[in-house]
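Everything below concerns the one structure shown next.
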Amino acid sequence: MNSQRLKTKIAGLELASPVLTASGCGGTGRELAQFCELTRLGAFVTTSVMARPRAGRPTPRVAETPSGILTAMGLPGPGVEGFLEHELPWLAEQGVPVVVSVAGNSAEEFAELAARLSGEPGVAAIEVNVACPNVADRGRMFAWHPGAAAAVVRAVRGAAPAGVPVIAKLTPDVTDIVTIALACVDAGADALTLINTVEGMAIDHRTLRPAVTGVSGGLSGPAIRPIALRCVYQVHAALPRTPIIGCGGVATGLDALEYVLAGASAVAVGTTLFHDPGAVPRIARELDEALAARRIERLADAVGLAHRPAGHAPPQVRPATPPPPHTAPQTAPAAVPPAREAAEAPAASGRPAEPDPAPAPAAEVKERTP
Amino acid sequence: MSDTPVQTSATVLTVRQVQDYHAMTLVAPAIAERFRPGQFVALAVGGEHTGRLVRRCFGVYEVKSDYGGTVEVVFADTEPGTAWLAGLRSRDKVDVIGPLGRPFRLPRDPVTCLLVGGGPGGAALFALADTLHRRGCQVHFLLGGRTGKQVFGSRMAHRIGDSAAVTTEDGSMGERGTVGAAMPRVIADTGAEVVYGCGPTDLLRSITRVAGEFGLPSQVCLEEFLQRTGACGIGVCMTCVLPLHGEDGVTRMVRACADGPVLRGDRVRWGDLGTIPFDALGAPRVLGVPEGGRAR
Ligand SMILES: Cc1cc2nc3c(=O)[nH]c(=O)nc-3n(C[C@H](O)[C@H](O)[C@H](O)COP(=O)(O)O)c2cc1C
Ligand code: FES
């Protein structure tokens, strides 16, 4: 495995691997550590931390659905004080960047959480869960409204230390995810995680009732991968300089590659961990092999490649042997379309709400071609 | 020997029909050598490209040293995942994680133990019986089911137990009635000092109640609850939670897989399974208002 190839960067945060755990799917970290070395995770993303301890929803919380699971959790957790006392100190000692996910009932609560995390060592980034599809009070899902989502992101950005990246995690259950993404980046999000679960439903054949408490739940796993991939592609087209963590049904290195080609700089693995707790290092290895087979020397060279106009000869897929020296990726398009810069500066206003008509995030690819 | 569970691709040695159930023996030396009675294994179903992502959790009937180490599980075929397992043949592969969860705690002194079981889950009592015997304990069995075909291991219980009693609801084997109804007599007859239970959740509840009436400690294995509610078996998904009354008087939602599956019967809030009791840590604060609701 080429350790250089997989290096990636999320808004200033350098990661040795682009394969992360997804929020809410890696427990406290201790459980996963029994099955894989945590140092081999790109980062550990915590379950969303809330202000107070929270029991979550009653069981049944999960139903198996085709290529996925439906869950209704209600954001259970020990609350921020419990997290800071029992979970973060241990995680911070594991030699893996820790991304702390936060969730709250109001923008103020989000801000208080970010402030509370400020002095704490070992917080590499804050992920803002503006999508809480499992919480009973659906009317207050911030991620449904650009204004509400932006207010939360602004509050967290304001309260978090300047050096700590703020990542907004969005729901796909909106009419136009690009509008929400633009609002969040405008409000100061340094990066985006796409996506949280998709609202769905299952009915139990025996009880003749909804299979999870709370009637509907969040669908996750490979079943939602095409939806998540579409979201990543659309948002990358509109915001080519905003780092994206792709999330939804990643189970193999080739799944991860699809996300990278769509525009993600990293991927997060959730439901797959329930099935295969050692999945993250395996996916990283497979991604490395998949890149090597396509003569892609650096992950960054592959980010957003799927946006190139048709007609570019695809690089030949070869067996995964080390590439000869000086092999430039045969991928950089000759021309870099203009009109990208407008969407780049987070503070810019009056940004078009529509994705650009000619998406081709080739600038980075070209810059880095030897 | 290490406490850490392992994930391994195990080879199937045999799958047999036993009464209404299936018994599957897997070659899994690393799991066999780590196993302690009460622990369980989590099996992936559907093969390499499966779309079924929930792991199936089963207690372990027996570990043996043959073939480097084997693990035998007993299960009922109730859904497509267990049907897939029941259809496996010798030399097939299955991905297994184990041993998982906290085992039965063992008495320090050679006491008289009553082991109460029902359904396929009762199979997990036999590994415990071996260990108790080796410690010089007396082991008495009480097994129950709706019909004789649903009572797993009655012959084995008669063979290895200091005594064994069976109840069936239809009277097709042993005494007609339920385990709960027969328990007081069996406790009196055997002079049991400790009760261990394994099986359907309702059964565990009555075991706990009767043991409590006699002032006896009970340890019960919530494998069936875990099978119904869990997804990962390793403690990361948080779907298998139940309310447990702690030593400090606080009720917490704990995981059947990682905090159990063996729990002290008198600590489980049986009447509140499938709910979040209003006094549990982190319960919604105002009755009638959905958590996360406007009341905050
Ligand atoms: C059981 C469970 C718990 C989750 N908890 C959280 C959470 O606390 N915060 C969050 O932002 N996302 C949470 N998610 C969403 C995941 O992080 C992820 O976005 C989603 O499951 C899609 O990825 P996947 O298909 O790889 O699971 C949870 C998902 C599941 C299945
Ligand atoms: S089954 Fe996943 S936490 Fe218990």
Sites matching GluC sites (Glu not before Pro) across the stretch A:81-118 that sit in DSSP coil, with at most 12 neighbouring C-beta atoms within 10 Å: A:E93
Cross-link partners of A:K169 among aspartates and glutamates (Cα-Cα below 13 Å; sequence separation of 8 or more within a chain): A:E127, A:D190
Looking at the square roots a ≥ b ≥ c of the eigenvalues of the Cα gyration tensor of the stretch A:1-41, which shape do they give, rounded for a/c under 1.5, prolate if a/b is larger than b/c, or oblate? oblate
In whole Å, what is the distance between the alpha-carbon centres of the stretch B:205-270 and the stretch A:238-297? 38 Å
What trypsin sites (Lys or Arg not before Pro) in the stretch A:160-231 are in a loop by DSSP, with at most 15 other Cβ atoms within 10 Å of the Cβ? A:R206
Where a ≥ b ≥ c are the square roots of the eigenvalues of the C-alpha gyration tensor, would you call the stretch A:3-307 rounded, which needs a/c under 1.5, or, failing that, prolate if a/b is larger than b/c, or oblate? rounded
Theoretical ellipticity at 222 nm over the protein assembly as shown - DSSP helices of four or more residues, -39500 (n - 2.57) apiece, nearest 500: -7000 deg cm²/dmol
Between rounded, prolate and oblate, where does chain B land on the alpha carbon gyration tensor, with a ≥ b ≥ c its root eigenvalues, rounded for a/c under 1.5, else prolate if a/b exceeds b/c? oblate
At most 15 other Cβ within 10 Å, DSSP loop - GluC sites (Glu not before Pro), the stretch B:35-88: B:E48
What is the sum of charges around A:I195, taking Lys and Arg as +1, Asp and Glu as -1, for the other residues whose C-beta is under 15 Å from the C-beta of A:I195? -3
Just need log10 I(q)/I(0) for the protein assembly as shown at q = 0.10, 0.11, 0.12 Å⁻¹, Debye formula, equal scatterers on the alpha-carbon atoms, no solvent, rounded to two decimals. -0.92, -1.07, -1.22
Can you give the mean number of other chain Cβ atoms that lie within 10 Å of the Cβ atoms in peptide A:75-84? 2
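Quick note: the coordinates plus some simple rules give every number you see, no bench work behind them. Please read these numbers as outputs of a predicted model, since none were measured by experiment. Because the Cβ atoms are built from the backbone with ideal geometry, glycine has one as well, and the counts that use them run over all protein chains shown.
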